[in-house]
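Asks: Once you've had a glance at the structure underneath, I'll fire off some questions.
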Amino acid sequence: MTATSEVRQSTRSGAIGLIGAAVNGAFGFVLTTVIVRTFGADGSGALFSVIGLVTIVGAVCCLGADTGLMWAIPRSPQKSEALLPVALLPTVGLSVAVAVVGLAAAGPISRALLDDGGGVGLIRLAFVGVPVIVASTVLLAAVRATRPVAVYVGVQFLFVPIVRPVLMIAAVLAGGGVLLGFAGWLLPIAAALIIAIALIGKPRKSPNSTGGTRGGDRLESTARGPLAKNDARGLGRVDVEVREPLVDGEARGPLGENAARGLDRVDVEARGPLGENAARGLGRVDSEARGLGPGVGEARGLDRAAWRLFWGFALPRAASVAIDASSMWVGVLLTGALSTQAEAGVFAAVGRYALAGLLIMQGLRVAIAPQLSRLLGVGRRREAAEVYRRTTLWIVLLSWPAYALLAVFAPAFLALFGREFRAGAGPMAVLAVAMLVNVGVGLVQTVLLMSGNSRGHLLACVAGLALNVVGCVVLVPGHGALGAAIAWSLGIVVENVVAAVLARRALGEALFGRTEMVSAVGALGATGAAALIGTMVAGRGSGGLAVALAVIVAGCLALLADGRVRAALKTVRTQLR
């Protein structure tokens with residue numbers, strides 16, 4: 001594919017991701033409103049704390065396998081079926097073990113995290129849900145890597161967030177408390193797991209996860225493994241569709257990048273899942289080319305190499321994904337422990353607002369991550385950089401105005417949660433400014449991961465977490481939710497700066513061009529001017545916010561008179577077709 005074709009594909013996938021992100025964000029806000037309105041500051045603090053607990057534990061138990069599948073499958077789509085047990089068995093096994101330990105230690109955990117010592121049932125339910133969360137996360141990652149992006153978006157961004165508030169409202173109407181409300185939060189994940197299993201088991205027409213084959217070379221090969229016995233198996237000739245032409249007659253290896261990983265060369269005729277050609281009768285592998293020496297069993301040797309490749313990438317991601325998942329929840333838990341449960345509830349509500357703006361970036365991330373992995377896997381860094389820059393432009397144009405308004409009109413947004421949460425205006429403004437940095441650098445962390453540098457990503461995450469934790473310990477006892485917001489903001493900025501430096505090295509090109517910079521400054525300046533007008537006319541409450549939004553809408557309509565703007569919109573419409 002040409003660079004133009006790659007940008008067009010990323011635009012289409014990104015549009016689907018944005019639609020899902022919009023729905024996810026809207027219903028995430030509905031869910032937060034239902035929780036805080038129904039359970040108050042204390043009850044919502046307990047519920048957010050246990051959601052944070054299960055989120056962090058589930059992320060740790062995934063061991064980075066979900067991102068590993070997103071990285072590996074686009075590079076070798078024909079290996080997807082064999083990759084599933086590699087990713088699923090260790091993660092589910094660990095989650096079950098953790099659940100057993102958690103059930104046994106529910107009492108002490110409840111006393112440590114919750115003000116009410118009677119929260120043992122809530123903790124137990126959380127640990128029962130851990131294996132379900134882990135299995136669902138890993139299988140949905142496989143769905144994203146092997147199916148069109150719309151399938152993943154439909155389950156993860158539409159079904160789960162829409163059903164959650166409905167079930168929690170039903171729980172309240174049934175007279176249930178926090179325990180039944182948390183069950184309503186967990187149940188959609190179990191349903192998503194069932195859907196993912198059905199999707200994985202359904203035959204697919206093409207191995208291409210991003211929308212069909214790309215017109216790449218067609219390889220025809222006669223399976224000749226020493227144990228193949230093709231005639232007995234009735235396999236005969238095997239036709240394999242590949243998305244990228246082979247380079248210098250070499251296969252890309254079980255998970256791609258053989259030369260870089262010390263696997264040297266794999267015969268192009270060896271194409272069984274993870275190299276298990278002998279077992280499946282789909283070809284032959286040169287055992288000496290695997291760096292394992294002669295005499296090593298073909299299927300088993302390459303299988304071990306594939307496990308090493310996959311988990312060599314996934315395990316560093318296991319730590320960083322836990323940090324990612326716990327970025328806000330660390331502050332919630334430490335605020336509850338070092339301050340009060342009410343302050344933890346305020347910070348959690350503020351954090352939900354701050355994270356809501358990231359849903360745009362999340363929607364684009366899941367849309368283009370497999371594409372970035374494929375491009376970087378075959379050394380097409382220029383095309384990958386172009387996809388990154390175009391995606392970053394959309395993220396900034398859609399996210400920066402939202403965060404600017406969130407910072408200025410924090411009292412208006414928090415008024416929707418009730419009077420108890422008005423104290424969160426200061427923390428929200430602090431976090432909104434930090435999020436401008438977060439979204440401003442775009443998908444640098446996705447670039448870093450899809451380039452295979454999961455260790456570099458872990459370095460960035462550890463740096464951010466360290467500042468977050470130290471900041472919480474120092475600031476939360478005296479400043480409550482505001483201290484937690486400052487600590488988290490410091491971690492966000494440092495993590496993204498480190499990731500941006502490493503992503504620049506991975507792409508080999510500048511992260512931002514003149515178009516991105518001018519557009520970003522223009523969007524922020526225009527939003528700032530509208531916010532200033534709104535504040536001067538009606539203050540920082542809902543009236544001022546309404547005025548600012550009216551000014552922004554009027555400005556956007558005025559821009560349509562500019563021929564350059566209309567031409568740009570026409571180009572986007574063309575790319576979406």
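Asks: Tally Lys/Arg at +1 and Asp/Glu at -1 over every other residue whose Cβ is under 15 Å from the Cβ of M428; what's the total?
Replies: After counting each charged neighbour, the total is +1.
Asks: Can you tell me how segment 348-499 classifies by the Cα gyration tensor, rounded, prolate or oblate, using a/c under 1.5 as the rounded cut?
Replies: It is oblate, given that a/c is not under 1.5 and a/b is not larger than b/c.
Asks: Could you report segment 441-577's accessible area per residue, 1.4 Å probe, as an integer in Å²?
Replies: Result: 50 Å² per residue.
Asks: Quick one: Cα centre-to-centre distance for segment 154-194 and segment 388-461, in angstrom?
Replies: With segment 154-194 and segment 388-461 each reduced to a Cα centre, they are spaced 26 Å.
Asks: Taking a quarter of the surface of the Cα convex hull of segment 420-514, what do you get in nm²?
Replies: Computing the convex hull of the Cα atoms and averaging its projections yields 6.9 nm².
Asks: Counting only protein heavy atoms and a 1.4 Å probe, tell me what percentage of segment 407-551's accessible area is made up of carbon and sulfur.
Replies: Working: 4290 of 5980 Å².
Carbon plus sulfur share of accessible area: 72 percent.
Asks: Can you check what the net charge comes to around G442, using other residues whose Cβ is under 13 Å from the Cβ of G442 (Lys, Arg +1; Asp, Glu -1)?
Replies: +2
Asks: Right, another one. Grab the eigenvalues of the alpha-carbon gyration tensor for segment 80-148, scale each by 5, take roots, and send me the semi-axes largest first in whole angstrom.
Replies: Those come to 32, 12, 6 Å.
Asks: Here is a further query. May I ask you to give the solvent-accessible area per residue for segment 326-383, in square angstrom, as obtained with a 1.4 angstrom probe? Don't skip to the answer; put the middle values down first.
Replies: On the way: 1490 Å² over 58 residues.
Per-residue value: 26 Å².
Asks: What order do you get for 103-114, 119-130, 141-152, 179-190 when each peptide is scored by the mean count of other beta carbon atoms within 10 Å, highest first?
Replies: Ranked by mean Cβ neighbours within 10 Å, highest first: 141-152, 119-130, 179-190, 103-114.
Asks: Calculate the dipole size of segment 334-472 relative to its Cα centre from +1 charges on Lys and Arg beta carbons and -1 charges on Asp and Glu beta carbons; express the result in debye to the nearest 20.
Replies: Value, rounded to 20: 460 debye.
Asks: What order do you get for 515-521, 193-199, 542-548 when each peptide is scored by the mean count of other beta carbon atoms within 10 Å, highest first?
Replies: 542-548, 193-199, 515-521
Asks: So for segment 434-577, considering every pair of alpha-carbon atoms, how many percent are separated by more than 23 Å?
Replies: Here the tail beyond 23 Å accounts for 58 percent of pairs.
The values are calculated or read from the model by the stated rules, or taken from the named source; none is laboratory data. Just so it is clear, the structure is predicted and the values come from calculations on it, not from any experiment. Glycine gets a Cβ as well: all are built from the backbone with ideal geometry, and neighbour counts include every protein chain shown. Ligands, DNA and RNA are stripped out before the accessible areas are found, and what is left, the full protein with its side chains, is counted by its heavy atoms. Shrake-Rupley method; radii C 1.70, N 1.55, O 1.52, S 1.80 Å.
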